[in-house]
Every structure is written in C-alpha cells, then in structure tokens.
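The values are calculated or read from the model by the stated rules, or taken from the named source; none is laboratory data. Note that the structure is a prediction, hence the values are computed from the model and not measured. FYI the Cβ positions are ideal-geometry reconstructions off the backbone, even for glycines, and counts take in every protein chain you see.
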Amino acid sequence: MRPDSVFKALHQQLAPPNYYALDGDLILVEKIPPATVYIVAHLEFKIDTEPITFTQAICFNQMVSAPMPWRVPVYIIRARKPYDMPPTDATYLSCNYCQHALKTHRFDVIKYVYADWRPDPPRVYSITIAENVGWRELIKWERELRQTRHAELAPYINAGWQTQYAVPIYHKQVSIKTSASNNTPILLLRVVRELWRRITRLLTF
C-alpha cells in the first residue's frame, strides 16, 4: 500500500466512527503562465451503477452551490462493464494495456446538479452529457470543458481575482471532521488516474 493509502485506512480504523471524510478521485486543475491557476472540475469515477456516498453528496453539494468564481463543477465518470483492469501484480501500466483500454473502455459522462444526502443511497439529480464514449471522446470532452471554464472565469481573472486572493490575510487553524473512505477500491482509483495521464499523452502526441 502507498503511504497515503495507509494513512486513510488508519484514519478509518482509529478515528471515531462519526469522523467522516472523502477521498476525491480526480480533480482537474488549470495552470496558464504566468499566474493563472484554478480548479477546472472535480471528476468522480464510478463503475456501472455504483452510487455516490452521503459524504460525497455533502461535499459535491457545497462545491456546485458555491458562488462564482469559487464554484467547482462536479462530473461523474461512470465506466461501463466490462472494465478490464491490468494484472493484479502489475507495478505500472504497460503500453499494451493502455492501447487495450483505448479500444475497450466505455464511459458515460454525467454532470452532477444536486443530491439529497439523507436517503441511502443519496438521491442524485444530474444531467447526462455523453453516453458510451471511449477515451478519445473523453479527452476531447475534457479539452472542451477546460476551454469553457477558462471563458467562464476570465472576467474574474481579468478583474484581479487571482492576485487579490493569492495570499491569505491571516492563517487560522480549524478542526476538520474527517471520515471513513468511500467504497471505491484504492487500486482501481490508481489505475484510472494513471490511465488518464498515459492516454492523455498518447492522444496529444
């Protein structure tokens, strides 16, 4: 296990059961020199009909309801079965596996709107953006999303948002209630993150 995985697992075992937390899957970030930086979107990876958890619903509700420019859109990337994984003893993603994923992996892209966290599982309101797309279409969608977000945030950046809030006026420590991790297997998340990096490179060059 990676050190961060051990830390999260220990927190789940040792902290009080009501110390809830959330392990985000993939957060897209934009960096445009010399000083433009911002969060593009939060992507939550799910397999097939896997539901979001109540901690995710609480987190996502706050992210999508924050005022601009602090609002962060949330998208659920739902992988269709079968979702072939690399060998369990693999220590890296081979070129053959990446090429296989390019040909076989299929996804639905869903925009998260709001969720009522009280039912089990939470009741989610969403908008389907794309259905049954592969990695090429997914990367193309991400490129368009980055462009849309840049245009959306441009008025705030031009007005000095990045520089005005770049340095906090003061630092204050706060206690944070953290939680049990979500139900997505750690290995699967690592594979998805690494695949995203590898396939983005393959489709760029």
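Taking residue 89 as meeting all but one of (1) modelled with pLDDT under 90; (2) in a strand (DSSP E or B), write down the number of the exception.
(2)
Every residue in the stretch 63-80 that is surrounded by 17 or more Cβ atoms within 10 Å (Cβ to Cβ) and basic (Lys, Arg), please.
Result: 78, single match.
Just for the stretch 118-149: of the residues that are loosely packed, with under 15 Cβ neighbours inside 10 Å and of a type in the set (Ser, Thr, Tyr), which one is farthest from residue 197 (Cα to Cα)?
Per the stated criteria, the residue is 125.
Output yes when any residue across the stretch 104-123 is small (Gly, Ala, Ser), assigned to a strand (DSSP E or B) and under 26 Å from residue 153 (Cβ atoms), and no when none is. Spell out how you get there, then give the answer.
Kept after step one, since they are small (Gly, Ala, Ser), are these residues of the stretch 104-123: 115.
Applying the additional criterion that residues be assigned to a strand (DSSP E or B) yields 115.
Next, from what is left, pick out any that are under 26 Å from residue 153 (Cβ atoms): 115.
So far as the stretch 104-123 goes, yes, one or more of its residues are small (Gly, Ala, Ser), assigned to a strand (DSSP E or B) and under 26 Å from residue 153 (Cβ atoms).
Among the numbered criteria (1) more than 16 Å from the chain's Cα centre (by Cα); (2) assigned to a strand (DSSP E or B); (3) touching a residue at least 40 places away in the same chain (Cβ under 8 Å), which one does residue 75 miss?
Of (1) more than 16 Å from the chain's Cα centre (by Cα); (2) assigned to a strand (DSSP E or B); (3) touching a residue at least 40 places away in the same chain (Cβ under 8 Å), only one is false for residue 75: (1).
Going by what's in this entry, would residue 154 be described as among the small types (Gly, Ala, Ser), farther than 29 Å from residue 89 by Cβ and either at pLDDT 75 or above or touching a Gly at 6+ places or on another chain (Cβ under 8 Å) (or both)? It would help to see each step written out before you state the result.
Values: among the small types (Gly, Ala, Ser): yes; farther than 29 Å from residue 89 by Cβ: yes; either at pLDDT 75 or above or touching a Gly at 6+ places or on another chain (Cβ under 8 Å) (or both): yes.
The answer is yes for residue 154.
Considering each residue of the stretch 31-62, count those that are surrounded by 15 or more Cβ atoms within 10 Å (Cβ to Cβ), in contact (Cβ under 8 Å) with a residue 40 or more places away in the chain and either not in a strand (DSSP E or B) or not β-branched (Val, Ile, Thr) (or both), and give that number.
16
Can you tell me how many residues in the stretch 92-117 are surrounded by fewer than 13 Cβ atoms within 10 Å (Cβ to Cβ) and at pLDDT 95 or above?
The total comes to 1.
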